[in-house]
Amino acid sequence: MRQLRQSLPTGTFVLGCLVILGLIPIVIRYLNGLGAISNLSDGRPWGFWISFDLYCGVALAAGGFTLAGVVYIFGREKYHSVARPAILTAFLGYLLVILALLVDLGQPWYIWHAMIYWNIHSPLFEVAICVMTYTLVLALEFSPAVFERLSELNLPVIRRFNWHIPLRIIRAIQIPLVIAGIVLSTLHQSSLGSMLLMMPHTLHPLWYTPVLPLLFLLSAISVGPAMVIFESTLSTRAFGHELAIDVLSGLGRAIPYILGLYLLLKLVDLLVAGELGLIFTAYPINLLWWTEVIIGVVTPIILLSRPAIRQSRRGVFWSSVLVIFGLVLNRFNVSMLALGMRPGFTYFPHWMEVAISVALVADALLVIWLSYRFLHIAEHGEAVAE
Amino acid sequence: MSKGTLYDATKCIGCRACQVACKQWNELPAEKTTNSGTYENPPKMTAYTFTKINFTELEHNGKFQWVFNKQQCMHCQEPGCAEACIVGALVKTEGGPVTYDEGKCIGCRYCMVACPFGIPNFEWDKPLPWIRKCTFCADRQGAGLKPACVTTCPTGALTFGERDELIAEAQRRIAEHPDKYVNHIYGVQEVGGTSWLYLSPVPFEEIGFPTLPSAPVTINAERAMAAVPPVLVGVAAAMAGIYWLVQRQQKIGQKAGEEEKQKEKVK
């Protein structure tokens, strides 16, 4: 706890400044249009926000449904203690996606049109409906943490309400909720890939394939445990509550299997399409492919297959960082770097585009910090595990 | 029946009256531009310029050629933009035009990314921006008029009519003057066919037309979307099944444990 008091005031101050800095471009956007704060153009209508906030944001929030599945469906109680932080970060991740869209959309005040004007053929429609529903599911999955705390508080009005009633309701529907979360995640993680299927002539053939939805799902599942390792290692440094190495190495052990399957599918698909040669000939874009595959897929598979590395906190952490890097690069490749622009255009993100995304991440970190301070996040589930 | 327009590049003189007529009918503002060294102006299509004549200088069959081509929305038979649109604001009408309903649009710009011709544009300078593109003058067509650009064209480079009849007309022109045209009607096959059809004296790729296969851009996305209902049911059933199995195993394990304990007690 001493560490908490020392490190966080400066941390929260910096985060607060970043949030305020991000508000300035948002005001300019609503006064002068998207052109005033971004380098987006008719040639590159989707830029940094879509690649980072939407494509990376949704994938990096995959820890929520993978861990909920492992704990509640597969009954692996060992991981109970990381399920709640994973669900919290997933919930915040999805809120960020929605907030980012409020800046990126041309008519954000009509975002609810997606609920009444259905185009069931649009992959983006599926993503929108799933993201909305799943955010609600995550809120419900996380709500026991809030109810538990409220029931303990001895505050005026609040103590009169019996907080055990909503708690009991949520516990009763917990398994259907978790299953709904897994179904919705499967659908929209893969649909983000389906969205790109509409660009057969602009997405580079090294990445364009009819199995993109499956590749998207597999890579999201592989990054789920990696994100949980990454976050819990960082929260250990910030808040204490060290995780058992047993839990970390258990999570790390699953990653090579999923990544191996992902790599196999990626290579077989290129082979079947007769485009495997492109990984050597499509210079310079193939360098992005090699970076993504060597650093983000092959290296973590090798590292996490070695028991010595799985038993070291440092080893598991840095392997996860590589997996996350590989996923982020992959999502940037398919949604920006390897996606052709209209002739005569160039794009590099404007600093205000980046500032808005940074502010949103700072928002999430502040909420995480508040949750760790006021709710039972990390210590929850330890009793069960014992 | 579906309407279309045939553009014959051998008849176009590059006067750009179509550009002006389009701006007038759609009440679009002028754009500030600078001399770019060609008669082409403005340099790019934008939310305020729905159509534009491209000028290409090239050598073909040992002869210098100055070839024009008119750019605007192609009004695809199976439009990527309409399939992509999250709220169904873009729709392919039976009569031919791909129309846009700004009462539905949320400004996500997926249509811009999904269009194989790079046509829909966005009002980047407005706080309340919409998507803008050629409407094929659906409003004029509804009143029995031809599109503004066709009406104004002084040389007959633009012919408006039934798409099927226009294809026959284009084939007739190629058959009559095989020396004048390349043997390709752009828009009959490309991405499943387009309402706008083109005749050219030089290969289309040399005057900036993208070389596109006959498969619609929507084909793979359609297949993926068709898999959604079975995946939904399948994953839900699989997860429920696994949950049931795991719970059952744990119960059996517990019982076995209890029995052993009892046995130990008896001993």
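The values are calculated or read from the model by the stated rules, or taken from the named source; none is laboratory data. Predicted model only: the values in this text are computed from it and were never measured. FYI the Cβ positions are ideal-geometry reconstructions off the backbone, even for glycines, and counts take in every protein chain you see. Note: accessible area is taken over every heavy atom of the protein model, side chains too, but ligands, DNA and RNA are not part of it. Shrake-Rupley method; radii C 1.70, N 1.55, O 1.52, S 1.80 Å.
I'd like to verify a number: residues in region A:91-142 that are small (Gly, Ala, Ser), more than 7 Å from every other protein chain (Cβ to nearest Cβ) and either over 19 Å from the mean Cα position of the chain (by Cα) or surrounded by fewer than 19 Cβ atoms within 10 Å (Cβ to Cβ) (or both), how many?
Of the residues in that region, 1 qualify.
With more than 9 Å from every other protein chain (Cβ to nearest Cβ), over 26 Å from A:Leu34 (Cα atoms) and at pLDDT below 95 as the only criterion, which of B:Lys63, B:Lys146 stands out?
Only one candidate passes the filter, namely B:Lys63.
Does A:Leu34 qualify as being within 11 Å of chain B (Cβ to nearest Cβ) and closer than 30 Å to A:Thr346 by Cα?
Answer is yes for this residue.
Scan A:Val293, A:Val272, A:Val297 and give me the residue that is surrounded by 15 or more Cβ atoms within 10 Å (Cβ to Cβ), over 18 Å from A:Ala338 (Cα atoms) and out of contact with any Ser or Thr (no Cβ under 7 Å at 6 or more places or on another chain). Steps first, answer last, please.
On the way: A:Val293 fails: over 18 Å from A:Ala338 (Cα atoms); A:Val272 fails: surrounded by 15 or more Cβ atoms within 10 Å (Cβ to Cβ).
Answer to the selection: A:Val297.
Would you confirm, using the coordinates I've provided, whether A:His164 is surrounded by fewer than 21 Cβ atoms within 10 Å (Cβ to Cβ) and at pLDDT 95 or above?
no
Give all pairs with beta carbons closer than 8 Å in which a residue from region B:33-46 that is in the same structural domain as B:Phe117 (by TED's automatic domain parsing) meets a residue that is hydrophobic (A, V, I, L, M, F, W, C); count only pairs at least 6 apart in sequence or on separate chains.
From region B:33-46, the pairs are B:Thr38/B:Phe55; B:Tyr39/B:Phe55; B:Glu40/B:Ile53; B:Glu40/B:Phe55; B:Met45/B:Ile119.
Looking only at region B:187-216, count how many residues are closer than 20 Å to B:Gly95 by Cα and under 15 Å from the mean Cα position of the chain (by Cα).
The total comes to 12.
Taking region B:1-50 as the region of interest, how many residues are open to solvent by less than 50 Å² (accessible area, probe 1.4 Å) and part of a helix (DSSP H, G or I)?
6
Need the failing condition index for B:Gln262 against (1) in contact with a strand residue (DSSP E or B) (Cβ under 6 Å, 6 or more places away or on another chain); (2) part of a helix (DSSP H, G or I), just the number.
(1)
I'm trying to understand the selection: among the residues of region B:148-171, which are in contact with a strand residue (DSSP E or B) (Cβ under 6 Å, 6 or more places away or on another chain) and in a loop (DSSP other than H, G, I, E, B)?
Correct list: B:Ala157 only.
Here is a list of conditions, (1) of a type outside the set (Val, Ile, Thr); (2) touching a residue at least 60 places away in the same chain (Cβ under 8 Å); (3) closer than 26 Å to A:Ala90 by Cα, and A:Trp318 meets all of them except one; can you say which number that is?
The number of the failed condition is (2).
Mind counting the residues in region B:86-99 that are more than 9 Å from chain A (Cβ to nearest Cβ) and touching a Lys or Arg at 6+ places or on another chain (Cβ under 7 Å)?
3
Which of the residues belonging to region A:206-233 are closer than 14 Å to A:Val334 by Cα, buried (at least 24 other Cβ atoms within 10 Å of the Cβ) and among the β-branched types (Val, Ile, Thr)?
Within region A:206-233, no residue meets the criteria.
Can you go through B:Glu123, B:Glu57, B:Glu40, B:Glu102 and tell me which one is acidic (Asp, Glu) and modelled with pLDDT of 95 or more?
B:Glu123
Return the residues of region B:130-147 that are of a type in the set (Lys, Arg) and touching a strand residue (DSSP E or B) at 6+ places or on another chain (Cβ under 6 Å); say none if nothing qualifies.
Applying the first criterion (of a type in the set (Lys, Arg)) to region B:130-147 yields B:132-133, B:140, B:146.
Listed by number, the residues that qualify are B:Arg132, B:Lys146.
Name the single residue, out of those in region B:238-267 being open to solvent by less than 60 Å² (accessible area, probe 1.4 Å) and at pLDDT 90 or above, that is farthest from A:Pro210 (Cα to Cα). Before you say what the answer is, go through the steps one by one.
Of all residues in region B:238-267, those open to solvent by less than 60 Å² (accessible area, probe 1.4 Å) come to B:238-242, B:246, B:253, B:256-257.
From what's left, at pLDDT 90 or above: B:238-242, B:246.
Details: B:Ala238: 24, B:Met239: 26, B:Ala240: 29, B:Gly241: 29, B:Ile242: 29, B:Val246: 34 Å.
Filtering region B:238-267 for residues that are open to solvent by less than 60 Å² (accessible area, probe 1.4 Å) and at pLDDT 90 or above, the one farthest from A:Pro210 (Cα to Cα) comes out as B:Val246.
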